[in-house]
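Worksheet for the structure shown next.
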Amino acid sequence: DTEVTQTPKHLVMGMTNKKSLKCEQHMGHRAMYWYKQKAKKPPELMFVYSYEKLSINESVPSRFSPECPNSSLLNLHLHALQPEDSALYLCASSQLAGRTEAFFGQGTRLTVV
Amino acid sequence: AQSVSQHNHHVILSEAASLELGCNYSYGGTVNLFWYVQYPGQHLQLLLKYFSGDPLVKGIKGFEAEFIKSKFSFNLRKPSVQWSDTAEYFCARVLSFGAGTTVTVRA
């Protein structure tokens, strides 16, 4: 199984809502990532978890809150988002953080209204 | 900061033409280099990677890349493209992506 599964595929939320994005992998990878991708732009790194500990936070606003409940799961909790936060949110995993190739999920298309 | 830059924003070519996409990396730090492809509506997939060793790297779908240390480059090549190679191509270093190149192959 070389899949990274993300749910939901699409999400529309209001600026006062709280929602969560979920990501799962069963490849035994010890690093997991959240990226944000705007249309026609490259993925931008948001967070890196290595061995279930947050190792990199790329100065992401606190309205985005990551969580790694175990080595297979990664969540991104969303609260009080702005319309400019609308984007494709990608989850990825790799054997080791930054030193091996990453496997990407299909992403969650988020629209903030 | 460790980064990569891609020179071509949009490349349009006909089937059977050869493709070369440029990627340059900044000096210093870990040289773990990747090329990823994003087909329309699909997730990012790894084409090939370079960590060390043979500078000519073979990837999937007939792609290859050459690591040239003296030029800080890691260009992607394919001798003969197909319509199905239409996609967005990203060079990446460690965890950072280049701006991407949109490749359109005309039948």
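The values are calculated or read from the model by the stated rules, or taken from the named source; none is laboratory data. Keep in mind the model is a prediction, meaning the values are calculated, not measured. Neighbour counts are summed over all protein chains in view; Cβ atoms, including those assigned to glycine, are modelled from backbone coordinates with ideal geometry. Heavy atoms of the whole protein, side chains included, go into the accessibility calculation; ligands, DNA and RNA do not. Shrake-Rupley method; radii C 1.70, N 1.55, O 1.52, S 1.80 Å.
Where strands (runs of 3 or more DSSP E) fall wholly inside chain B, the ranges with 1 or more residues that are of a type in the set (Lys, Arg), touching a Ser or Thr at 6+ places or on another chain (Cβ under 9 Å) and surrounded by 15 or more Cβ atoms within 10 Å (Cβ to Cβ) are B:45-50, B:73-78, B:87-93. Of the listed requirements (1) modelled with pLDDT under 95; (2) over 13 Å from the mean Cα position of the chain (by Cα); (3) more than 18 Å from A:Lys9 (Cα to Cα), A:Lys53 misses just one: (1). Note on segment A:22-33: residues that are away from every other protein chain (no Cβ under 11 Å) and either open to solvent by 80 Å² or more (accessible area, probe 1.4 Å) or in a strand (DSSP E or B) (or both) total 7.
Could you tell me which residue of segment A:1-21 is modelled with the lowest pLDDT, considering only residues that are in a loop (DSSP other than H, G, I, E, B) and not aliphatic (A, V, I, L, M)? Selected residue: A:Asp1.
Residues in segment A:102-111 that are open to solvent by 10 Å² or more (accessible area, probe 1.4 Å) and either assigned to a loop (DSSP other than H, G, I, E, B) or more than 9 Å from every other protein chain (Cβ to nearest Cβ) (or both): A:Ala102, A:Gln106, A:Arg109, A:Thr111.
Exactly one residue out of B:Glu66, B:Glu15, B:Glu20, B:Glu88 is acidic (Asp, Glu) and at the interface with another protein chain (Cβ under 10 Å from one of its Cβ atoms), and it is B:Glu88.
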